[in-house]
1. Confirm whether Ala114 is of a type in the set (Gly, Ala, Ser) and crowded, with 16+ Cβ neighbours inside 10 Å.
2. What tally of residues in segment 90-142 results from selecting those that are in a loop (DSSP other than H, G, I, E, B) and over 11 Å from the mean Cα position of the chain (by Cα)?
3. Taking Thr121 and the conditions (1) without any contact (Cβ under 8 Å) to a residue 24 or more places away in the chain; (2) within 21 Å of Val148 (Cα to Cα); (3) hydroxyl-bearing (Ser, Thr, Tyr), which numbered condition does it fall short on, given that it satisfies the others?
4. Which residues, counting only those in segment 63-89, are under 21 Å from Ala39 (Cα atoms), over 17 Å from the mean Cα position of the chain (by Cα) and part of a strand (DSSP E or B)?
5. Just the residues that are modelled with pLDDT under 90 and either surrounded by fewer than 16 Cβ atoms within 10 Å (Cβ to Cβ) or touching an Asp or Glu at 6+ places or on another chain (Cβ under 8 Å) (or both), please, taken from segment 172-187.
6. Return a yes/no flag: does segment 74-81 have any residue that is closer than 19 Å to Val129 by Cβ, in contact with a strand residue (DSSP E or B) (Cβ under 6 Å, 6 or more places away or on another chain) and either of a type outside the set (Val, Ile, Thr) or at pLDDT below 90 (or both).
7. Go through segment 1-30 and count every residue that is buried (at least 18 other Cβ atoms within 10 Å of the Cβ) and either in contact with a Leu (Cβ under 8 Å, 6 or more places away or on another chain) or without any contact (Cβ under 8 Å) to a residue 12 or more places away in the chain (or both).
8. Cys126 versus (1) of a type in the set (A, V, I, L, M, F, W, C); (2) crowded, with 23+ Cβ neighbours inside 10 Å; (3) in contact with a Gly (Cβ under 9 Å, 6 or more places away or on another chain): which is the lone unmet condition?
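The values are calculated or read from the model by the stated rules, or taken from the named source; none is laboratory data. Worth saying up front: this structure is predicted, and the values here are computed from it rather than measured. Here Cβ is always computed from backbone atoms with ideal geometry, including for glycine, and neighbour counts include all displayed protein chains.
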Amino acid sequence: MLIVVCSLKGSPGVTTLTTALGARWPSGETPILIEADPAGGDMMARFRLPDTPGLVSLAAAARGRASSDPTLLAQHAQLLPGGLRVVLGPVGAEQARAALSVLASGPASPLRRAADQPGTTIIADCGRVDPESPAFPIIRNADAMLLVARPHDDELAHVALKLQAAQRWSRKPCFVLVGEGYSTDEVSQALGIPVMGRVPHDPKGAAVLTGQSKGRHNPAKSALGRAAARLALTAYAQWHATNATTNGARPPHQGPAVMSEHRLPGMAVQPLSLPTRNGATP
């Protein structure tokens with residue numbers, strides 16, 4: 001299974017959500033995270049990890065004979081302090097874009113080959129995305145796309161204007177809210193779309209999930225950990241349920257109709273008009 005996490009505006013916590021999903025993924029599968037953000041990765045500096053192996057070394061290997069090896073992606077992963085496997089993106093945008101131009105295209109992509117292996121889940125952080133992004137082919141090839149936004153006027157306005165285009169990027173788009181702001185029902189009604197899930201802004205919980213926090217802490221007890229677990233379980237259960245209905249025979253690189261009840265309906269692009277609170281326009 002290949003899941004991409006991305007945003008249409010700003011930095012609403014895509015990397016945090018990606019790592020939280022990986023840390024709380026249902027037992028039975030150990031996911032591999034990949035920093036596929038064309039603007040460059042954050043985890044290398046954040047966790048003081050070496051620059052190789054990672055996205056750049058993976059791209060170099062993908063040019064050679066080993067490109068057809070489904071374990072290639074795992075060979076270029078490192079471990080975060082909490083035990084998560086991650087293919088680190090370079091800090092520089094130029095290096096990141098060059099590596100992605102090699103890795104992102106076609107059904108022969110190392111990401112797609114790895115994701116097609118039984119018991120393997122790849123979760124890709126694609127950052128802020130648009131059709132010109134070198135990570136865009138990864139989204140088109142994914143089994144599910146999680147669009148992340150904070151429930152604030154500025155971000156939701158951009159989502160409303162770009163929503164129709166985003167529906168064409170993936171057959172399985174899902175909407176996730178991060179942090180406080182408008183309620184889930186308000187956002188769903190204003191945009192005319194269902195919201196798959198909501199996760200809190202929880203820096204302490206994020207530190208626990210990635211192994212940064214010192215001392216004894218239970219990831220399952222943090223607000224972020226609980227919310228990420230619910231979201232991960234929904235994605236996992238729906239993908240496997242869909243596969244079961246097709247007797248496990250999924251057409252290569254097409255993906256199941258995962259999360260179909262969350263598919264975004266057609267809607268006219270129009271200025272966002274969010275509900276008022278107590279008679280006052282927000």
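1. yes
2. Result for segment 90-142: 23.
3. (1)
4. Residue satisfying the conditions is Gln78 alone.
5. Once the filter is applied, which keeps residues that are modelled with pLDDT under 90 and either surrounded by fewer than 16 Cβ atoms within 10 Å (Cβ to Cβ) or touching an Asp or Glu at 6+ places or on another chain (Cβ under 8 Å) (or both), segment 172-187 yields only Lys172.
6. no
7. Of the residues in that region, 16 qualify.
8. Of the numbered conditions (1) of a type in the set (A, V, I, L, M, F, W, C); (2) crowded, with 23+ Cβ neighbours inside 10 Å; (3) in contact with a Gly (Cβ under 9 Å, 6 or more places away or on another chain), the odd one out for Cys126 is (3).
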